[in-house]
Amino acid sequence: MLKKIKPEIAYRLINHGPIALITTINKNNKPNIMTIAWTSVVNSEPPLVAIAVGNQAYSQKSIKESKEFVMNIPDKKLMRSILYCGNHTGENINKFKASKLTTINSKIVKAPKIKECFAHLECKVVKKYRYSDVLFFISKVVYADVEEKYFDESINTDKIKTVHHLGGGWFAEIGKRFKE
Ligand SMILES: Cc1cc2nc3c(=O)[nH]c(=O)nc-3n(C[C@H](O)[C@H](O)[C@H](O)COP(=O)(O)O)c2cc1C
């Protein structure tokens, strides 16, 4: 039997791409980290991804100004930082210090990446769309790297567990991978 759900919670059926930690740098060269669940692949060639960033996020301002960011992929061991960076704004605090995460230089963009994350996508914004309180940044991946031992043709989810936000305070870790 099919159960009707409210359109407002329909996103919970497709919500569970991996949570990312978005790093940015502001005009004063202060780095920041924001937790994000609403991401999308847009294209593979040219490589495009998109993120939906609400007005509540200070990171929105930094991305608008710098037109770039890094999408860092954490695993389940970083759950505390995922929650911290998603529940505190970095306008007046340094979330790298507060959550004991380490910056490493990016190859192309100015925003740093997070050492403790196993993968990083350096992105440059190519288009932005506003709808109400949210800005949707379509961005080109200009450089990407991933911890060698966790990636062959895909993320080896038997070895590393990405975290997925299901909505309503629920999370899941990824399961075993298989090939068809
Ligand atoms: C699990 C989780 C997922 C989140 N996903 C998003 C998201 O997709 N888009 C968004 O605008 N905010 C999202 N947030 C909220 C931001 O991370 C939050 O507003 C954060 O404080 C912004 O940080 P900033 O002000 O330093 O930029 C999420 C928070 C959590 C805990």
- Task: Output the residues belonging to region 74-90 that are in a helix (DSSP H, G or I), more than 9 Å from the ligand (Cβ to nearest atom) and not hydroxyl-bearing (Ser, Thr, Tyr).
- Result: Lys76, Lys77, Leu78, Met79, Arg80
- Could you tell me whether any residue of region 159-175 is modelled with pLDDT under 95, more than 13 Å from the ligand (Cβ to nearest atom) and either assigned to a strand (DSSP E or B) or open to solvent by 50 Å² or more (accessible area, probe 1.4 Å) (or both)? no
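Is it true that Asn87 is of a type in the set (S, T, N, Q) and surrounded by fewer than 21 Cβ atoms within 10 Å (Cβ to Cβ)?
yes
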- Of the residues in region 32-59, those that are outside any strand (DSSP E or B), more than 7 Å from the ligand (Cβ to nearest atom) and surrounded by 15 or more Cβ atoms within 10 Å (Cβ to Cβ) come to Pro47
- In the set Lys97, Lys127, Lys110, which member is part of a helix (DSSP H, G or I), over 15 Å from Ala20 (Cα atoms) and either open to solvent by 30 Å² or more (accessible area, probe 1.4 Å) or of a type outside the set (S, T, N, Q) (or both)? Lys97
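Condition check ((1) modelled with pLDDT of 95 or more; (2) within 20 Å of Ile138 (Cβ to Cβ)) across all residues:
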| position | (1), (2) |
| --- | --- |
| Ala10 | no, no |
| Asn32 | yes, no |
| Ser44 | no, yes |
| Ala57 | yes, yes |
| Lys64 | yes, yes |
| Phe69 | yes, yes |
| Ile73 | yes, yes |
| Lys76 | yes, no |
- Note on the structure: Glu148 meets each of (1) exposed (fewer than 15 other Cβ atoms within 10 Å of the Cβ); (2) at pLDDT 95 or above with one exception, condition (2)
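Here is a yes/no grid of residues against (1) without any contact (Cβ under 8 Å) to a residue 24 or more places away in the chain; (2) in contact with a Ser or Thr (Cβ under 8 Å, 6 or more places away or on another chain):
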{"site": "Ile25", "(1), (2)": "no, yes"}
{"site": "Asn55", "(1), (2)": "no, no"}
{"site": "Tyr58", "(1), (2)": "no, yes"}
{"site": "Ser62", "(1), (2)": "no, yes"}
{"site": "His88", "(1), (2)": "yes, no"}
{"site": "Glu91", "(1), (2)": "no, no"}
{"site": "Lys97", "(1), (2)": "yes, no"}
{"site": "Thr102", "(1), (2)": "yes, no"}
{"site": "Lys107", "(1), (2)": "no, no"}
- Task: Scan region 30-53 and report the pairs whose first residue is of a type in the set (Lys, Arg) and whose second residue is near the ligand (Cβ under 10 Å from one of its atoms), with Cβ atoms within less than 6 Å and a gap of 6+ or a chain change.
- Result: none
- Query: Can you pull out the residues in region 1-27 that are closer than 20 Å to Glu122 by Cα and open to solvent by 60 Å² or more (accessible area, probe 1.4 Å)?
  - Reply: Lys27
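The values are calculated or read from the model by the stated rules, or taken from the named source; none is laboratory data. The structure displayed is predicted, hence computed values, not measured ones. Positions of Cβ are generated from backbone atoms using ideal geometry, with glycine treated the same way; all protein chains shown enter the neighbour counts. We work out accessible area using only protein heavy atoms, side chains counted, and drop any ligands, DNA or RNA first. Shrake-Rupley method; radii C 1.70, N 1.55, O 1.52, S 1.80 Å.
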